[in-house]
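Structure first, commentary second.
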Amino acid sequence: MFHVKQDRLEEVDSCPVCQGETFEPALKAIDHLVSRETFNIVRCHTCGLLLTTPRPVLSAISGYYQSDDYISHSSSSKGIVNRLYLLARKYTLRRKTGLVKKTAPGAKSLLDYGSGTGDFLAAAGESGYRITGIEPDQTARKVATRTHGLELLDPGALHSMPAASFDVITLWHVLEHIHELDQTVKAFSRLLRPGGVLVAAVPNASSMDASWYGPGWAAWDVPRHLYHFTLEPVKKLFANHQMQFVKAKPMYLDGFYIAMLSEKYRHSPWWLVKSACTGLMFFIRSVLRKDMASARTYIFKKSGQAVTGAV
Ligand SMILES: [Zn+2]
């Protein structure tokens, strides 16, 4: 599926959603956070999935997360962007647990994949779910233990847990980071009971902010984001594994955060004021046109009989 270009980079040869092998160039984006390197984003000719290629191999990707600014993995309150982000996170946490409750009424067991420092998982636990969390980053796992008393599992656990173990699986801005995408979605399908719900929030590559900032859109976030999702490819990815699309919900605050980062990367004068204005514009647009929100939460329902056996 891939061939290694250099020691640390691999070229994606076939689409993880449709196995198509023809790609057309879409844009070039810069890694503003860590390496300053430029990465290509291409579009699958068959299904339209946007993906980053060449991309760091799995063993090299951790080097691209080595930034104090990578706040998805830290609880640092330094800097105004981080402070605003932490404030927004409080609201978002409430919204996430509310959304799960509404989407999967009566659900008892919840798996959160890519739990980071465990903020959502802890909130889900407080809401009464029997919780399990998986997180590849060892430092984040330690923070989750220290701050919430959570024991998060290594991603290998995904393949050793019994089939149909969970009523709900959640992925909050995680899907776009997964190297073995098809295999991992297959594993989610095995772990979800028939009728169970999967909730996946991802940046929206067809959002207003994506077209406004073009290659400077902060949510390309290359090379950490390996895929850049829109509705049709994401529907097909899950349909391939017996999970049918139910609905998509907009994430209203993401536009402000992405506007802040995008203006900061542009070195705009008055970047904070500017991003408050553009963020407001994206917010209003996403209220009027929910499919143009900066990020969307996709909800899928597992159909058919439980798939048994190891993946
Ligand atoms: Zn494809």
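For segment 1-60, filtering for residues that are under 21 Å from G214 (Cα atoms), small (G, A, S), part of a loop (DSSP other than H, G, I, E, B) and modelled with pLDDT of 95 or more leaves 1.
Among the residues of segment 36-59, those that are charged (D, E, K, R), over 18 Å from the mean Cα position of the chain (by Cα) and farther than 17 Å from L237 by Cα comprise R36, E37.
Each row is one residue, and each column tells you yes or no for (1) farther than 24 Å from A26 by Cα; (2) surrounded by 23 or more Cβ atoms within 10 Å (Cβ to Cβ).
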residue	(1), (2)
S206	no, no
D209	no, yes
A219	no, yes
L237	no, yes
H241	yes, no
Y252	yes, no
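The set of residues in segment 245-288 that are in a helix (DSSP H, G or I) and of a type in the set (V, I, T) comprises I258, V273, T278, I284, V287. Cβ separations smaller than 6 Å between residues 6+ apart or across chains give no pair from segment 250-268 residues that are without any contact (Cβ under 8 Å) to a residue 40 or more places away in the chain to residues that are basic (K, R) and surrounded by 23 or more Cβ atoms within 10 Å (Cβ to Cβ). How many of the residues making up segment 214-249 are touching a residue at least 24 places away in the same chain (Cβ under 8 Å), of a type in the set (A, V, I, L, M) and within 16 Å of the ligand (Cβ to nearest atom)? Total satisfying the criteria: 4.
In the condition set (1) crowded, with 19+ Cβ neighbours inside 10 Å; (2) at pLDDT below 95, V199 is compliant with all but (2).
Residues in segment 136-154 that are surrounded by fewer than 16 Cβ atoms within 10 Å (Cβ to Cβ) and not charged (D, E, K, R): Q138, T139, T145, T147, G149.
Restricted to segment 101-118, and to residues there that are without any contact (Cβ under 8 Å) to a residue 60 or more places away in the chain and in contact with a helix residue (DSSP H, G or I) (Cβ under 6 Å, 6 or more places away or on another chain), the residue that is farthest from G196 (Cα to Cα) is T117.
Within segment 19-39, being of a type outside the set (V, I, T) and within 16 Å of the ligand (Cβ to nearest atom) holds for Q19, G20, E21, F23, E24, P25, A26.
The values are calculated or read from the model by the stated rules, or taken from the named source; none is laboratory data. Quantities reported herein were computed from a predicted structural model and do not represent experimental measurements. Positions of Cβ are backbone-derived with ideal geometry, glycine not excepted, and every protein chain shown enters the neighbour counts.
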